[in-house]
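Trainee: Structure incoming, see below.
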Amino acid sequence: MLYISPDPLPTIFSRQSVFVAGGISNCPDWQSEVVKMMNTSLYDVINPRREIGFDKTGASAEEQIKWEHTALSKVDACLFWFPEETLCPITLFELGTMLSRASRHSVRLVVGWHPNYQRAFDLGVQ
């Protein structure tokens, strides 16, 4: 099944679940390309990119932050992508959180980045 923000999230995902994490603001909709490659009849795929954007502050921003936080706390795996267009400060924060979970073996991670991503060296070292 495919969940797109702000779709209601289940208490527990019924299949192996994958969160598609990475840049949303000021970068291409790379999430749609990744989602097309995933079999949503086998996996629960969680896409935080809303079909209609959201404000950087206010109610829709708060709803988005809470939605992502809830989804990230429940997933079995997280795929991160860091595009060249933006530094993705929130995604870096989320990666740190998920690295902590991964160290306890409670989530699997895949991390990728564009060759021109500003902090590619840092990601490689992590």
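The values are calculated or read from the model by the stated rules, or taken from the named source; none is laboratory data. Remember, it's a predicted structure, so these values are computed and weren't measured experimentally. All Cβ positions, even for glycine, are placed from backbone atoms using ideal geometry, and neighbour counts span all protein chains on display. Note: accessible area is taken over every heavy atom of the protein model, side chains too, but ligands, DNA and RNA are not part of it. Shrake-Rupley method; radii C 1.70, N 1.55, O 1.52, S 1.80 Å.
Trainee: Can you tell me which residue is modelled with the lowest pLDDT among those in region 1-41 that are touching a strand residue (DSSP E or B) at 6+ places or on another chain (Cβ under 6 Å), under 15 Å from Glu68 (Cα atoms) and polar (S, T, N, Q)?
Mentor: Once the filter is applied, the top-ranked residue is Gln31.
Trainee: Could you go through region 61-74 and let me know if any residue there is of a type in the set (Val, Ile, Thr) and in contact with a helix residue (DSSP H, G or I) (Cβ under 9 Å, 6 or more places away or on another chain).
Mentor: Checked region 61-74: at least one residue is of a type in the set (Val, Ile, Thr) and in contact with a helix residue (DSSP H, G or I) (Cβ under 9 Å, 6 or more places away or on another chain).
Trainee: I need the full set of residues from region 85-111 which are closer than 18 Å to Asn26 by Cα and free of Cβ contacts under 8 Å to residues at least 40 places away in the same chain, in order please.
Mentor: Residues satisfying the conditions are Leu87, Pro89, Ile90, Leu92, Phe93.
Trainee: Here is a check on your reading of the model: is Asp44 acidic (Asp, Glu), touching a strand residue (DSSP E or B) at 6+ places or on another chain (Cβ under 7 Å) and under 17 Å from Val111 (Cβ atoms)? Write out each step before concluding.
Mentor: Working: acidic (Asp, Glu): yes; touching a strand residue (DSSP E or B) at 6+ places or on another chain (Cβ under 7 Å): yes; under 17 Å from Val111 (Cβ atoms): no.
Considered against the rule, which asks whether it is acidic (Asp, Glu), touching a strand residue (DSSP E or B) at 6+ places or on another chain (Cβ under 7 Å) and under 17 Å from Val111 (Cβ atoms), Asp44 comes out as no.
Trainee: Can you name the strands (runs of 3 or more DSSP E) wholly within region 1-114 that have at least 3 residues being under 19 Å from Val125 (Cβ atoms), out of contact with any His (no Cβ under 8 Å at 6 or more places or on another chain) and open to solvent by less than 70 Å² (accessible area, probe 1.4 Å)?
Mentor: Where strands (runs of 3 or more DSSP E) fall fully within region 1-114 and carry at least 3 residues being under 19 Å from Val125 (Cβ atoms), out of contact with any His (no Cβ under 8 Å at 6 or more places or on another chain) and open to solvent by less than 70 Å² (accessible area, probe 1.4 Å), they are 108-113.
Trainee: With the requirement that a residue be in contact (Cβ under 8 Å) with a residue 40 or more places away in the chain and either farther than 16 Å from Leu2 by Cβ or not aromatic (Phe, Trp, Tyr) (or both), what does region 20-30 give you?
Mentor: Hits for region 20-30 are Val20, Ala21, Gly22, Gly23, Ser25, Asn26, Cys27, Pro28.
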